[in-house]
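Q: Got a structure for you, questions after.
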Amino acid sequence: MEIKTKTDYLRLSLTDNCNLNCFYCNPLEKKHFLDSCEILRLEEIVRVVRILAGLGISKIRLTGGEPLIKEDICTAVSLFKKIDGIEEVSLTTNGVFLYDIVEELKRSGLDRINISLDTLRRERFYQITGRDCFGQVWQGIEKSIDVGIFPLKLNMILLRGINEDEILDFAKLTINHKIDVRFIELFRTSNRLKVQQNGLLSSSEAKEMIVSKYGGLLPEGNVVGNGPAEYFRLKEAKGTVGFISNLSKHFCGECNRLRMDSAGRIAPCLFSGYLYNVKGLVRNGASDETIRELLIDIIADKHKHNKKSAVIDHHVEMSSVGG
Ligand code: SAM
């Protein structure tokens with residue numbers, strides 16, 4: 001495998017707890033959420049991020065669980081932004097609590113927001129997430145646009161038999177709104193195969209549906225933080241549509257990311273199931289140099305742990321590690 005990218009991106013999960021319970025992720029099914037003493041404290045996370053920044057990590061995405069249930073989320077953003085070498089801090093959220101906090105997040109220095117939203121219909125939102133909060137999410141999206149969070153991305157997981165009839169509605173949103181909609185293939189996870197088994201819908205199918213309705217898509221090279229997505233624009237649209245092919249295309253060689261969960265474990269690859277315990281060192285009085293050596297090993301080993309199968313190992317819970 002040819003490795004084309006350097007590891008410069010950290011997905012940082014701040015909590016394993018969530019206020020929604022999407023059926024394919026199912027965080028609330030867990031018998032045991034981490035106790036607060038098991039979760040890395042903000043100053044411990046900042047220390048690890050500072051060392052990682054010295055090793056080339058320049059972008060951080062805050063995720064969860066749901067990161068907006070953390071009371072110190074704005075403080076976290078501003079502390080990460082002050083770390084030398086960190087150029088960008090972004091957030092992935094379900095958007096339920098966004099309305100009240102988005103201005104403060106922006107003032108704290110947050111660069112970008114991705115909102116996970118699989119439907120534009122209130123009842124269906126309830127069916128997918130177990131909560132009747134679509135209105136709150138939509139208000140949060142509008143407010144984010146008003147306060148000038150750009151780019152603003154909506155991530156829609158493609159779920160066969162559940163939301164494929166909304167692919168065109170999501171694409172249409174980009175015509176009049178400055179929003180980048182990304183259609184994302186469902187990952188299969190070893191502990192949820194049953195609920196996910198009928199769910200696979202490829203991003204190329206979504207793309208074909210959009211092309212047959214709206215005509216050719218104009219390739220868009222210029223979307224900030226576009227990672228493994230391919231971006232296009234409908235004619236004269238304000239926003240873009242992107243397609244992330246988790247399963248139908250492998251992009252291990254282009255993977256630039258590490259994931260650290262709230263218990264201080266780093267997953268170099270979602271699929272390998274391999275987790276390094278960084279908290280152990282942090283809590284046992286290790287020096288920065290010792291932690292740095294472990295992080296250097298993790299980065300060097302990253303591509304050794306690449307995709308062993310197309311199913312995410314159960315040791316790496318999506319709801320803990322944050323997508
Ligand atoms: N609570 C936040 C949110 O909803 O964005 C952050 C955590 S959530 C686990 C992050 C993302 O992972 C969401 O966009 C969710 O849809 C996605 N996700 C969860 N399980 C997934 C799966 N099996 N395949 C693809 N994406 C998944």
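The values are calculated or read from the model by the stated rules, or taken from the named source; none is laboratory data. Values in this document were obtained by computation on a predicted structure and should not be read as measured data. Accessible surface is based on the protein model in full, side chains and every heavy atom, while ligands, DNA and RNA are left aside. Shrake-Rupley method; radii C 1.70, N 1.55, O 1.52, S 1.80 Å.
Q: Could you calculate, for the stretch 150-249, the ratio of the Cα radius of gyration to the Kirkwood radius, expressed as Rg to Rh?
A: Rg/Rh: 0.97.
Q: Another question, then. Going by amide H atoms built from the backbone, whose H comes under 5 Å of the H on LEU110, apart from near neighbours?
A: Residues meeting the amide H criterion: none.
Q: What do the square roots of 5 times the Cα gyration tensor eigenvalues come to for the stretch 157-209, in whole Å, largest first, as semi-axes of the equivalent ellipsoid?
A: 24, 11, 9
Q: Enumerate the calculated ³J(HN,Hα) couplings along the stretch 172-189 in order (Karplus 6.51 cos²θ - 1.76 cosθ + 1.60, θ = phi - 60°), each rounded to whole Hz, writing x wherever the residue is Gly or Pro.
A: For the stretch 172-189, the Karplus-derived couplings read 4, 3, 6, 5, 9, 10, 7, 10, 9, 8, 10, 9, 10, 6, 5, 7, 8, 10 Hz, x marking Gly and Pro.
Q: Over the stretch 150-249, with every protein chain in place, what whole percent of the accessible area is carbon and sulfur at 1.4 Å, could you tell me? Walk me through the intermediate numbers first.
A: Details: 2370 of 4540 Å².
The computed percentage sits at 52.
Q: For the chain, what is the calculated [θ] at 222 nm in deg cm²/dmol (nearest 500), taking -39500 (n - 2.57) for each run of four or more DSSP H residues and dividing by its residue count?
A: Dividing the helical sum by the residues of the chain leaves -9500 deg cm²/dmol.
Q: If you don't mind, another one. Could you give the C-alpha radius of gyration of the chain expressed as a fraction of 2.2 N^0.38 Å, taking N as the number of residues it contains?
A: The value comes to 0.96.
Q: Could you order PHE150, PHE232, PHE183 by accessible surface area, starting with the largest, using a probe radius of 1.4 Å? Don't jump to the answer; show the numbers that get you there.
A: On the way: PHE150 80, PHE232 25, PHE183 0 Å².
From most accessible down to least: PHE150, PHE232, PHE183.
Q: Hey, another quick one. Applying the Karplus parametrisation 6.51 cos²θ - 1.76 cosθ + 1.60 with θ = phi - 60° to the phi angles of the stretch 275-287, what ³J(HN,Hα) value in whole Hz is obtained for each residue in order, glycine and proline being reported as x?
A: With coefficients 6.51, -1.76 and 1.60, one gets 10, 9, 8, 8, 4, x, 5, 4, 7, 9, x, 5, 6 Hz.
Q: Could you work out how far helix 42-54 tilts from the main Cα principal axis of the chain, as a 0 to 90 degree angle to the nearest 10?
A: Tilt relative to the chain: about 90 degrees.
Q: Now for a different question. With angles folded into 0 to 90 degrees, how steeply does helix 134-147 sit against the dominant principal axis of the chain? Use alpha carbons for both and round to 10.
A: Helix 134-147 sits at roughly 80 degrees to that axis.
Q: A further question follows. Sorted by accessible area (1.4 Å probe), largest first, how do ARG124, ARG50, ARG107 line up?
A: Highest to lowest solvent-accessible surface, that is ARG107, ARG50, ARG124.
Q: Still on this structure, please answer the following. If you plug each phi of the stretch 82-95 into the Karplus form 6.51 cos²θ - 1.76 cosθ + 1.60 with θ = phi - 60°, what whole-Hz ³J(HN,Hα) values come out, in order, with x for Gly and Pro?
A: 7, 6, 4, x, 8, 9, 8, 10, 10, 9, 10, 9, 7, x
Q: For ILE179, what residues show an amide H to amide H distance below 5 Å, using hydrogens built from the backbone and excluding near sequence neighbours?
A: Those qualifying (amide H under 5 Å, at least 5 residues apart or on another chain) are GLY239, THR240.
Q: Can you send over the solvent-accessible area of ARG122, 1.4 Å probe, protein chains only, in Å² to the nearest 10?
A: Per-residue accessible area (ARG122): approximately 150 Å².
Q: Dividing the alpha-carbon radius of gyration of the stretch 21-115 by 2.2 N^0.38 Å (N being the number of residues), what value is obtained?
A: My calculation over the Cα atoms of the stretch 21-115 gives 1.13.
Q: What residues qualify as long-range amide H neighbours of LEU159, i.e. H under 5 Å apart, gap of 5 or more or another chain, H built at 1.01 Å from N?
A: Here GLU164 satisfy the definition.
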